[in-house]
1. Calculate the spin-label point distance for A:Ala146 paired with A:Ala162, positioning each point 7 Å from the Cα along the beta-carbon direction, and give it in nanometres.
2. Compare A:Pro175, A:Pro30, A:Pro242 in a GNM of chain A, Cα atoms joined below 10 Å, and give the one with the largest fluctuation.
3. How shielded is A:208-217 by partner chains, expressed as the average number of their Cβ atoms within 10 Å of its Cβ atoms?
4. In peptide A:51-64, what is the residue-averaged number of other protein chain Cβ atoms found within 10 Å of each Cβ?
5. Relative contact order (percent) for segment A:2-267, with alpha-carbon contacts under 8 angstrom and 6 or more residues of separation?
6. Any of A:Lys223/B:Lys40; A:Lys178/A:Lys223; B:Lys67/B:Lys89; A:Lys223/B:Lys89; A:Lys223/B:Lys77; A:Lys223/B:Lys67 with alpha carbons more than 21 Å apart? Name them for me.
7. Relative to the longest principal Cα axis of chain A, at what angle does helix A:2-25 sit, 0 to 90 degrees, rounded to 10?
8. Take every Cα-Cα pair in chain A and report what % of them are more than 25 Å apart.
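Computed from the coordinates by the stated procedures, all read-outs in this text should not be read as laboratory data. For clarity, every value in this text was computed on a predicted model and none was experimentally measured. All Cβ positions, glycine included, derive from the backbone under ideal geometry; neighbour counts span all protein chains shown.
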Amino acid sequence: MISALIIVFREVIEAGLIVGIVLAATAGVPHRSRAVTFGVGAGVLGACVVAAFAGELAGLFQGSGQELFNATILLLAVSMLTWHNVWMASHGREMARELKAAGHKVKTGERTLLALSVVVGVAVLREGSEVVLFLYGIAAQGGTSASGMVVGGGLGLLAGAAVSALMYFGLLTIPAGKLFQVTSGLITLLAAGMAAQAVIFLQNGGWLEYFTATVWDTSWLIKEDSITGRLLHTLVGYSQAPNGAQLIAYAATILLIVILMRMVPQGGQTRPQSAPKAHNA
Amino acid sequence: MKNLSLFAVVAACALATSSFAQAPIEVRLKNHRFTPNVIKVKANQPSMIMLFNDDDTADEFDSSSLKIEKVVAGHNKGAIRVRALAPGKYPFMGEYHAATAQGMVIAE
């Protein structure tokens, strides 16, 4: 029971923190709960499919199908997070203005909801497939441990959801004007960490063979297996002994997002439909 | 600079080929225990572990120090690439049965 609790808690937290950040980043955007629910639902469904075909997936690409799959969905999430941040940098001011005008409907931001539901879906899929495989393994052994597994898994789910909710409500205490900057920052680090993780999967799959030497080792300070290490790994991509390629991917992602956010025109001039609204204001 | 990066690519390819030239190290997982559970590899040289999962259910070969997470389905096998390691001990586990599935790679 305890092992079920721990493993479910761990995986739920890892996906839940990402959901919490996405929810905070879309505070005030209409239909966002529908988008997030859709993302979670698709993620759970996907997790079951991935778990059911784990053997077949691993067999693809000379035994490296799993690594390629993981790298691909991570990079998909990275590009969606990038898109969201760049879009928000372009429309953030307009949104903040509209949020202040009471009763004014916030239209901007809806556009990147799809991107964020993809991110939520990927997070749930990755962690969820591990939970499914683990719980299925216990269930298959059958008998006495099955009820304990349900209780443990349920408690783990609740505890994980509670920590994620804490993250969300904690972020919401930040004043609306600053919240955008904070969530942009968090999403940038989230994307950078995912890019670095994707690099590891590419290395393990045998596609990326250079800059594999460890650059520094901070395992004496924070172990990646510890709770702190895992939380930092999920949030900012902490790695106890990063290699060169990982660091390059991490830095390049941050640089790319920051440059793109600076480059886009502010105020959403990319959409001609929004022009008349500007006249009214 | 260009020559240097070209050299790096060629060197990397040579390294990669040399790693494939070696036979993979066979490890079996049965009753959620690894055999052998201590795997010796040469330091500073990539190696390959072929994990045969003889159990009915899946497990995940997991090691943060090796930077490896690999799910191997029941009655299936998985090729695990181990990067060139500095001399030392690198613990790993079967994440879904961590109570019994424990092991260690020793690079020397």
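1. 2.9 nm
2. Result: A:Pro175 has the largest fluctuation of those listed.
3. Working: counts 1, 14, 8, 2, 6, 4, 5, 0, 0, 2.
Partner Cβ neighbours, averaged per residue: 4.
4. Details: counts 3, 1, 1, 8, 10, 2, 2, 9, 4, 0, 0, 1, 8, 4.
Mean partner-chain Cβ count within 10 Å for A:51-64: 4.
5. On the way: 378 pairs, mean separation 87.5, N = 266.
In percent, rounded to a whole number, it is 33.
6. Working: A:Lys223/B:Lys40 23 Å; A:Lys178/A:Lys223 32 Å; B:Lys67/B:Lys89 13 Å; A:Lys223/B:Lys89 15 Å; A:Lys223/B:Lys77 29 Å; A:Lys223/B:Lys67 12 Å.
Those over the limit are A:Lys223/B:Lys40; A:Lys178/A:Lys223; A:Lys223/B:Lys77.
7. 10 degrees
8. Numbers: 20110 of 39340 pairs.
The answer is 51 percent, as a whole percent.
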